Amino acid sequence: MLHTLIQAVGFGVAAGAVIALGAVGFSVQFGISNILNITYGALMTLAAYLGLFLVDAGLSAWVALPLVGIAVGVASVLFHRGLLAPLVRRGTRSFAIVIVTVAASIVLQYIIVAIVGPQAKTYGAQSGNTFHVLDVSLTTAQVTIILLTVALMLALHLLLTRTTLGRAMRATSSNRTLAQSCGIATDRISDLAWLISGTLCGAAGVALAITVVSFDFTLGAIFLIPMIAAAVLGGIGQPYGAMVGALVVGVASEVAGAFSDPVYKDVVAFLILIVMLLIRPRGLFGAAWSARRLMA
Amino acid sequence: MGAWEFYAVVLLVYLGTNLLSVWGLNLQFGVSGVANLAYIVMVAAGAYTYGVLTLGPDTGNGGFQHYVIGLSLPFPLAVVAAATVGAVVGVLVGLTGLKRLRQDYQAMAMLVVSIMAATVVSADTGLLNGNEGLSLIPNPFADLDPELGRWAYVGVVVVACAAGWIVLRRLTTGPMGRTLRAMRDDEYAAAAIGKDIVVLRLMVQAVGGAFAGLSGALLAAFIGGWSPSAWAYTETLALLTAVIVGGMGSDRGASVGTLVVTILILQGVQFLPQIPSHPGLTEDLGWIVLGSLVILFIFLRPQGLLPERRPSYAETADPGMAEVDAGRRDG
C-alpha cells in the first residue's frame, strides 16, 4: 500500500516533468500574446512524429529531442506570424481566434494522419537501466526527462529574471502597450516568446513519445487535458505557476491511476481543471490583474 | 429500391439531422456568442439516450453489448427523452460559463469537456458499451416494408425540422433575438438594461442542447448504432464550419452552410478516387478541407455567405437622428 503510493508519487514526478514542459510553454504563449493556442496540442503530435522520423533514421531519441524542439519552435513562430498575429491586428474576437487555432490543429492533425496513417507508433524500447531511489524505481528515460525539465525550467527562470531580454518579456506580458511605449520591440519579444514556447512544445512532444508505450495522431489532443489543467491550476500566463501545477497534476493523476483504473488519470486532471475554473479561474498563483484578463 | 434512391434517403436524413444541430449551434454560437466547443457531446447524449431507452435489457442478443437501462420504450417517448437529456447536459456544460469567463477561456474549457467525455465513455465498457458503441438500436419503422419505412423516416425528419425551425425563429427573431444579440455584442450593456446574462446563457444552452439531442436521437435511430468515433471533438468543428461558412447569427445562412458542408464536403469527397494504400485518405482530406474553410472564412469573409441582417428600426422623429441612423445603416 505505502509502497504503491511512493512508487506512484515517483511516476507522478516523471509525468509532471513532461506536463511541465508543455504547460510552461502554453502559459508563456498566453502570457505574451493573450491567445489560447489549441494548435499547441497538434504541434506536440507533430513533434512526436518528427522525432519518430529521426529515430527511424537511426538517431538517438535524445539527439532528436533538441532538434525537433527547435524545428517546432520555428514552426510555432511562423504559425503566430502568419496566421494569428494578422487576425489579432484586425481585431478578430478572441473566441474566433480560438476557433481558428482549433481548426488549424485539426488540419495539422489530419495532414499527419494522411502522411503516416492512423496506426499506433513507438520509438522502440528506451528503457536502459532502472534507478532505485528510496522505494521508487524509475527508468533512465524518466530520470533523464526529469533532469532535462529541471534544467530547462532553471534556464527559463534565469532568462526571465536575470537578463534584460527576460525583463522585456515579462514587461510585454504584463502590459504590452506600456512596454511598447518604453521602447521595447514587443513584436520581436513576442517572436522570441513563441520560439521558446514552441521549443518547449517540441521537447514535450518527443519526451511524451519516449515515455508512452505507443502513440498515434491523437497524442497531443489528449495531452491537452493535463497540460491545460496544470496551466490553469498555476494561473495561466504564469510560468512558475505552470511548473507547480504540472507537478500537482502529475502526482495526483498517477496516484489516482495507481489506486483505481488507469483511465482515471486524465479524469483527475480534468476535475482539477473544472474545479479551478469554477472556484478560482485565475489559478492558485494568479495575480488580480490576470483575473481581470480572464473574466469577460 | 435503386441505389440512387437509397443514397437520396441517406443524404436527406443526414441533411435534416445536421440542420437541427447546426441551428442549435448557431443559436448558441452565432446569435448568443456562447462558444460551445462541446456541442457534439449533447448530440451524443441524445443519441445514447435514445439507444438505451429503445433497446431491451443488455442481456438480449447473447449479451454481446453492455449498457445501462434498456427499457424498450417506443420511438416518440425516447426521442422526447433524448431532447430533454440533451438540454440537461447543455445546462450542465454551460455552468462552466456561469463565472463569466472570457469567451475564449470558455471555449477552451468546453473543448476539454468534449475530449474528456469521449475518453471516459470509450474506456468504460459497462456504461454505454465503451469504444465499440451501441448497435442494433431499433428503427421505428422496422416492421414496415423497407422502402416505405425509409421514406417514412424521411417524413419524420422533415416534421422534426419544420417544428425545429418554428421554435428557432421564435427565439432568433423579435424581442428575444434582439436580447440575445445584445448579449453577444456587449454583455455589460445588456446586463445594464436588466437582462440576466447567466439565465439567458443557460436558456440558450438548454434549447441548443435540446436541438442537439433531437438530432442525435434521429441519427442514431436511422443508422442503428452510435459509438465514440461518431462524436469526436472534431465533429463540433464540422458543425461550426457550417455556421461560419453560412454566416454566424443568420438562420438562413446556417442552413445554407449545412447544405454546403453536408453535400459538397462530406459527400463530395466520396467521389474522389480511393487510394488502396491509404484507406482513410479521403476522410482525412475532408477534415483538412473543413479546417481550412473555417480559417479562410474567418480571414476573408467573417460574415459568411449569407450575412446576418442588421435589425432596422422605424425612422426617428428627430431629423438629425434620422440622418445619424441612415449613416449608420449605410456604413
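Derivation of every value follows stated rules applied to the coordinates shown; laboratory data play no part. This one's a predicted model, so the numbers in the text were calculated from it and none came from an experiment. FYI the Cβ positions are ideal-geometry reconstructions off the backbone, even for glycines, and counts take in every protein chain you see.
From the alpha carbon centroid of the stretch A:208-257 to that of the stretch B:210-270 is 31 Å.
Estimated at 0.36 nm per residue, the fully extended path between residue B:77 and residue B:176 surpasses their Cα-Cα distance by 32.7 nm.
Working from the Cα coordinates of chain A, the gyration tensor eigenvalues give, after taking √(5λ), semi-axes of 30, 22, 19 Å in decreasing order. Charge tally around residue B:12: other residues with Cβ under 15 Å, Lys/Arg +1 each, Asp/Glu -1 each, net -1. GNM remark for chain A: springs join alpha carbons under 10 Å apart, and the peak mean-square fluctuation among A:132, A:80, A:157 falls on A:132. Among B:102, B:201, B:170, the residue with the largest mean-square fluctuation in a Gaussian network model of chain B, with springs joining Cα atoms closer than 10 Å, is B:102.
Once you list every other residue whose beta carbon is under 10 Å from the beta carbon of residue B:34, what net charge do they have if Lys and Arg are +1 and Asp and Glu are -1? Before the final figure, lay out each step's value.
Working: positive: B:184, B:201; negative: none.
Value of the local net charge: +2.
When the helices of chain B are scored as -39500 (n - 2.57) per DSSP H run of n ≥ 4 and the total is divided over every residue, the value at 222 nm lands at -21000 deg cm²/dmol.
Summarising the amide proton neighbourhood of residue A:121: residues at separation of 5 or more, or on other chains, whose placed amide H is nearer than 5 Å comprise A:215, A:216. Working from Cα pairs under 8 Å separated by at least six residues, relative contact order for the stretch A:128-239 is 14 percent.
Calculated FRET efficiency, residue A:182 and residue A:63, Cβ-Cβ r, R0 25 Å, to nearest 0.05? Present the calculation step by step, with values, prior to reporting the outcome.
Working: r = 41 Å, r/R0 = 1.64.
So the FRET efficiency works out to roughly 0.05.
To the nearest 20 debye, what is the magnitude of the charge dipole of the stretch A:185-296 about its Cα centre, counting +1 on the Cβ of each Lys and Arg and -1 on the Cβ of each Asp and Glu? Charge dipole, the stretch A:185-296, about its Cα centre: 480 debye, nearest 20. Rounded to the nearest 500, the 222 nm mean residue ellipticity of chain A from helices alone is -25500 deg cm²/dmol, with -39,500 (n - 2.57) taken per DSSP H run of at least 4 residues. About its Cα centre, the stretch B:1-143 has a charge dipole of approximately 600 debye under the convention of +1 per Lys or Arg Cβ and -1 per Asp or Glu Cβ, with nothing else charged.
Shielding by partners for peptide A:140-149, expressed as the average number of C-beta atoms from other protein chains within 10 Å of each residue's C-beta, is 0.
For chain B, the membrane-span-like helices by this rule, meaning whole DSSP H stretches whose C-alpha atoms cover at least 15 Å of axis and whose Kyte-Doolittle mean is 0.5 or above, are B:3-25, B:39-54, B:75-94, B:103-123, B:146-172, B:197-223, B:233-246, B:281-300; this says nothing about an actual membrane.
Based on Cα contacts under 8 Å between residues 6+ apart, chain B shows a relative contact order of 29 percent.
In summary, the helical segments of chain A meeting the span-like criteria, namely a full DSSP H run, a Cα extent along the axis of 18 angstrom or more and a mean Kyte-Doolittle hydropathy of at least -1.0, are A:2-33, A:39-56, A:61-79, A:94-116, A:140-162, A:186-211, A:219-234, A:239-259, A:264-279. For the protein assembly as shown, the square roots a ≥ b ≥ c of the C-alpha gyration tensor eigenvalues yield an a/c of 1.5 or more together with a/b not exceeding b/c, which makes the shape oblate. Peptides B:157-167, B:244-254 ranked from most to least packed give B:244-254, B:157-167, packing being the mean of other C-beta atoms within 10 angstrom over each peptide's residues. Between residue A:137 and residue B:69, the FRET efficiency estimated from the beta carbon spacing at R0 = 41 angstrom works out to 0.40. For the stretch B:166-223, what does the alpha-carbon gyration tensor say about shape, rounded, prolate or oblate, given a ≥ b ≥ c as the root eigenvalues, a/c under 1.5 as rounded, and a/b over b/c as prolate? Since a/c reaches 1.5 and a/b is larger than b/c, the shape of the stretch B:166-223 is classed as prolate. Here residue B:131 and residue B:300 are evaluated by their C-beta separation; at R0 = 25 Å the FRET efficiency comes out at 0.05. Across B:300, B:92, B:101, mean-square fluctuation computed from a Gaussian network of chain B (C-alpha pairs under 10 Å connected) peaks at B:300. Across peptide A:264-270, the average count of Cβ atoms from other chains found within 10 Å of a residue's Cβ is 3. Does the stretch B:9-231 come out rounded, prolate or oblate by the C-alpha gyration tensor, with a ≥ b ≥ c the root eigenvalues, rounded set by a/c under 1.5 and, if not, prolate when a/b is larger than b/c and oblate if not? It is oblate, given that a/c is not under 1.5 and a/b is not larger than b/c. With K and R counted +1 and D and E -1, the other residues having a Cβ less than 12 Å from that of residue A:98 yield a net charge of +1. For the pair residue B:185 and residue B:198, label points projected 7 Å from Cα toward Cβ lie 2.6 nm apart. The magnitude of the dipole of the stretch A:80-203, with charges of +1 and -1 set on the Cβ of Lys/Arg and Asp/Glu and taken from the Cα centre, is near 560 debye.
Peptide A:89-99 is shielded by partner chain Cβ atoms: per residue, an average of 6 of them sit within 10 Å of its Cβ.
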